[in-house]
1. Take the Cβ-Cβ distance between Lys108 and Leu317 as r, set R0 to 35 Å, and report the resulting FRET efficiency rounded to the nearest 0.05.
2. Ser239 to Ala31: FRET efficiency via 1/(1 + (r/R0)^6), r the Cβ-Cβ distance, R0 41 Å, to the nearest 0.05?
3. What ranking of Glu333, Glu243, Glu59 emerges when the number of other C-beta atoms within 10 Å of each C-beta is taken as an exposure proxy, fewest first?
4. Which of Ile175, Ile263 has the fewest other C-beta atoms within 10 Å, and how do the rest follow up to the most?
5. Computed FRET efficiency, Cβ-Cβ of Asn129 and Lys352, R0 51 Å: what is it to the nearest 0.05?
6. Among Ser68, Ser33, what is the fewest-to-most ranking by other Cβ atoms within 10 Å?
7. Along Cα→Cβ, 7 Å out, is where each label goes; now give me the distance between the ones at Ser41 and Thr293 in nm to one decimal.
8. On a full-extension model of 0.36 nm per residue, what is the gain between Asp340 and Thr141, subtracting their alpha-carbon distance, rounded to one decimal in nm?
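None of the figures in this text is laboratory data; all of them are computed from the coordinates on show. The shown structure was predicted, so the numbers you read here are calculated from the model rather than taken from an experiment. Cβ sites come from the backbone with ideal geometry, for glycine too, and all protein chains shown count toward neighbours.
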Amino acid sequence: MKPFLSILFVFSFLNQSFSQVLSKWTFESIALSATASTAPSLSSGSVTANDGALKSGTEFSGFHTSTSTWSNPQGNGSTQGLSATKWAANDYFQFKASTKGYKNLTIKFDVTGSDTGPRDFKLQYSTDNISYTDAQGGTYTVANDTWNGSVKSSSARTISLTSVSGLNDKDFIYIRLVVVGTTSVSGGSVGTSGTSRIDNFSIEAETTLPVSLASFNALRSAKEVNLLWKTNAESNLTSFQLEKSKDGKSFQTINTVTGKGSISKGASYSLSDFDISESTVYYQLKMNDKDGTSSLSDVLAVKNNPGNDLKLDIQQLGQTAAKVLITSAKAGEGQLSLLDINGARLYSKLVKLNEGLSSFDVSLNLDGKVVIVNLSAGEGKISKKFLLK
């Protein structure tokens, strides 16, 4: 009997760290109204962050005491930034963002100004958009870096808010870049036509979870369910508890795996469940921190239908080794091959597929390669490509 096969590829970039961009504004897809006002108004585009893990509900804004011209001239090595005229003390740019599930914030942005634009700024933060606090170490000065197409590294500013625990794990926070005083970039007084410009404003943070999961998959055969998961990184992780449910609501622990503790590179784990009499079973991972806290993965629902729910997974074990995992409803043979991006054959082998899970070790130089994996079994032919780190 020819085996039935279906494929699920999960790409795991094992050198990721916990820190990531929560929200970032590059101002590339907006157009600002030419009508002078005390706050920026868009004629097209969105005030929402255009990049990051938590973009929903974010927005940029600002306020000037006097009606000002808001525009989007050239950015720092990019087409557009955000600029305004008529700056006075306490005028500001403002950014609203979420930090839910994250901690240890860092603010990064690029700034420049005209000679008569404001020189001195400070960063303020708030959790209610009413009461604002000056950030410790949050003052900075602006120079006239003349953004003309090339990236000016001298324009970059970084302000750490890692010591401000009150900004961690919030539905929304607010960041302001506020003018201090009336001194201009050239050392004189700020002029009405003087401009200050910003670009590439981002909020970065670390996850509050003990582990960052790259994938969590269930591969079911006629006799068992194989649970496989990968991490991007682990921080003070003590263990994984594999939990199972018959109804998707009430879960019981069926096995525990010790974590790696604290690692900046990912790891792969697997467990098998042989008690699969129910038509549908549900699984989740409980991830436990050394401080006693824990978090839960998404729930996997696995149906008792191995003929239509068979999968393949590939785990990179290092720079010179990988493991191919295939679950098949029926025993049979398959041709497994790996090619580089140019089509040169790296590996080829006729493999015997078990009823259930089969695993095959592949040894070759995988470092930094885009690899195409071909698997043929009976009439089934599958070709996928993925990046190995």
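1. On the way: r = 35 Å, r/R0 = 1.00.
For Lys108 and Leu317, the calculated efficiency is 0.50.
2. Details: r = 52 Å, r/R0 = 1.27.
E(calc), rounded to 0.05, equals 0.20.
3. Arranged by neighbour count, lowest to highest, Glu333, Glu243, Glu59 become Glu333, Glu59, Glu243.
4. Starting with the residue having the fewest Cβ neighbours, the order is Ile263, Ile175.
5. For R0 = 51 Å, the calculated efficiency reads 0.20.
6. Numbers: Ser68 23, Ser33 14.
In increasing order of surrounding Cβ atoms, one gets Ser33, Ser68.
7. 4.4 nm
8. Values: separation 199, 0.36 × 199 = 71.64 nm, distance 4.99 nm.
The Asp340-Thr141 span can extend by a further 66.7 nm.
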